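Scroll down for the structure; my scribbles are underneath it.
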Amino acid sequence: MVKMTDPFSYRTAPTINTTICPNSASAVTLSGTQTVNPTTYTGAVTVSGTITFNSGQYIFCKGVTFSSTAKATGTGVSFYVHTGVATVSAGALLNLKAPTSGSTANILIWLPKTNTSTVTVNSTTLVNLLNGFIYAPGSTVTITGATGMAPADVAGVVAKYVTTADTVVAR
């Protein structure tokens with residue numbers, strides 16, 4: 001195993017409202033066709049519709065899952081997953097681009113070191129364009145693609161452990 005220096009360790013994590021995030025809020029499903037604005041989601045979030053994320057920072061207190069029916073787009077977006085998993089299910093279609101400036105520049109998905117939950121990107125049928133880093137220094141990140149299918153396309157990964165299978169493109 002090669003140990004590397006954390007290129008984002010100097011970054012300041014997003015500010016979490018500690019009176020909101022630890023609460024056990026109900027789960028939220030983003031379905032249908034809608035455009036959402038940056039916010040803090042206090043419960044676990046499942047994205048299952050055609051969702052456009054407006055530019056900005058989204059905070060997920062209890063994790064986020066893009067289901068097999070999710071079609072998500074967004075430019076200049078950053079997803080901070082305070083606790084819980086970050087999952088892209090097989091069949092989801094994502095075209096997401098990280099911010100190019102500010103404290104979350106080039107980071108698309110960020111799990112703090114204290115969040116040791118797994119990050120999974122499963123691209124078995126469609127291309128997933130994740131134009132930004134997956135930054136999960138305390139987690140295992142698993143990226144898979146199926147032979148003969150379009151690859152998962154990620155800008156880069158900083159994690160405790162990284163596992164890949166089949167076809168994966170890292171730029």
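The values are calculated or read from the model by the stated rules, or taken from the named source; none is laboratory data. Quick caveat, the model's predicted, so the values are computed rather than measured. Counting neighbours? That spans all protein chains shown, and the Cβs are built from the backbone with ideal geometry, glycine included. To get the accessible areas, we keep the full protein, side chains included, count just its heavy atoms, and leave off ligands, DNA and RNA. Shrake-Rupley method; radii C 1.70, N 1.55, O 1.52, S 1.80 Å.
Computed from label points 7 Å out along Cα-Cβ, the spacing between THR140 and THR100 is 3.7 nm. Using the Karplus relation 6.51 cos²θ - 1.76 cosθ + 1.60 with θ = phi - 60°, the per-residue 3J(HN,Hα) values for the stretch 59-64 come to 10, 10, 5, 10, x, 9 Hz, with x marking Gly and Pro. Just to verify a number: FRET efficiency for THR163 and VAL28, C-beta to C-beta distance, R0 = 22 Å, to 0.05? E(calc), rounded to 0.05, equals 0.15.
Surface listing: THR104, THR52 arranged by accessible area from highest to lowest gives THR52, THR104, probe 1.4 Å. Shown are THR15, THR35, whose ranking by accessible area with a 1.4 Å probe and every protein chain present, most to least, is THR15, THR35. Close amide H partners of GLY56, meaning residues 5 or more places away or on another chain with modelled amide H under 5 Å apart, are VAL77, SER78.
Stretching the chain fully between ASN37 and ASP6 yields a gain of 8.2 nm (0.36 nm per residue, less the alpha carbon separation). Note on surface exposure: TYR41, TYR58, TYR161 rank TYR161, TYR41, TYR58 by accessible area, highest first, 1.4 Å probe.
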